[in-house]
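Colleague: Sharing a structure, written as structure tokens. Questions coming.
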Amino acid sequence: MHSYIRKVKYYETDKMGITHHSNYIRWMEEARMDFIKSLGYGMKRLESEGVMSPVVSLECKYKHPTTFDDTIKIEVKAVKYTGVRLCLSYTMINTETGTEVFTAKSSHCFIDEAKKPIAVKKHFPEFDEILKSLTEGK
């Protein structure tokens, strides 16, 4: 599991002072980028070698509102990896209260510049092994 911390910005809240729902999806992306980078294969590196990883599905549940200046811990975990597709889970927790505020899952594929699916093992065998080790038995 990988943790990413961020503070709710004022501009991310609505007139009621509650974080706008669209921001949680952005935070997932921030946490995913940080997670992938922590594995040594950040998107900058992957894209420089012609590999992209778009979102193919997303499922989320809003559990408790957050407000300006709350500190949110986002736990990211690889839950399934097929060699072409990676599924991640996210749990967001308000660090001040310990309240779980949001949970989600996202699925991503790996494609080349022609938008064709690729096998990660062929392009990045070490990355393939890392992803397999994170999801073994799942």
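Colleague: Filter the stretch 88-114 down to the residues that are over 24 Å from residue 64 (Cβ atoms) and touching a residue at least 12 places away in the same chain (Cβ under 8 Å) and list them by number.
Modeller: Let us first name the residues in the stretch 88-114 that are over 24 Å from residue 64 (Cβ atoms), namely 107-114.
Matches in the stretch 88-114: 107, 108, 109, 110, 111, 112, 113.
Colleague: Residues to consider are 29, 113, 96; find the one that is at pLDDT 95 or above, part of a loop (DSSP other than H, G, I, E, B), open to solvent by 60 Å² or more (accessible area, probe 1.4 Å) and out of contact with any strand residue (DSSP E or B) (no Cβ under 6 Å at 6 or more places or on another chain).
Modeller: Answer to the selection: 96.
Colleague: Conditions: (1) acidic (Asp, Glu); (2) at pLDDT 95 or above; (3) open to solvent by 70 Å² or more (accessible area, probe 1.4 Å). Residue 47 meets all but one. Number of the miss?
Modeller: Exception for residue 47: condition (2).
Colleague: Being closer than 19 Å to residue 52 by Cα and in contact (Cβ under 8 Å) with a residue 12 or more places away in the chain is the filter; apply it to the stretch 127-138 and report the residue that is surrounded by the most Cβ atoms within 10 Å (Cβ to Cβ). Before you say what the answer is, go through the steps one by one.
Modeller: Of all residues in the stretch 127-138, those closer than 19 Å to residue 52 by Cα come to 127-132.
Remaining after also requiring in contact (Cβ under 8 Å) with a residue 12 or more places away in the chain: 127-128, 130-132.
Values: 127: 19, 128: 18, 130: 17, 131: 23, 132: 15.
Selected residue: 131.
Colleague: State which residue pairs qualify: first residue part of a helix (DSSP H, G or I) and inside the stretch 36-54, second residue charged (D, E, K, R) in any location, beta carbons under 8 Å apart, and separation of 6 or more residues or different chains.
Modeller: Close Cβ pairs (under 8 Å, with a partner that is charged (D, E, K, R)) amount to 43/37.
Colleague: From the residues in the stretch 55-93 that are among the small types (Gly, Ala, Ser) and within 21 Å of residue 118 (Cα to Cα), which one is most open to solvent (accessible area, probe 1.4 Å)?
Modeller: 57
Colleague: With respect to residue 4, determine if the residue is outside any helix (DSSP H, G or I), modelled with pLDDT of 95 or more, in contact with a helix residue (DSSP H, G or I) (Cβ under 8 Å, 6 or more places away or on another chain) and crowded, with 18+ Cβ neighbours inside 10 Å.
Modeller: Answer is yes for this residue.
Colleague: If residue 107 meets every condition in (1) assigned to a loop (DSSP other than H, G, I, E, B); (2) closer than 21 Å to residue 2 by Cα; (3) of a type in the set (Gly, Ala, Ser) apart from one, which number is that one?
Modeller: With (1) assigned to a loop (DSSP other than H, G, I, E, B); (2) closer than 21 Å to residue 2 by Cα; (3) of a type in the set (Gly, Ala, Ser) applied to residue 107, the lone miss is (1).
The values are calculated or read from the model by the stated rules, or taken from the named source; none is laboratory data. Bear in mind the structure is a predicted one, so any value in this text is a computation, not a measurement. Cβ: placed from backbone, ideal geometry, glycine included. Neighbour counts: every protein chain shown. Side chains included, ligands, DNA and RNA excluded: accessible areas come from the protein's heavy atoms. Shrake-Rupley method; radii C 1.70, N 1.55, O 1.52, S 1.80 Å.
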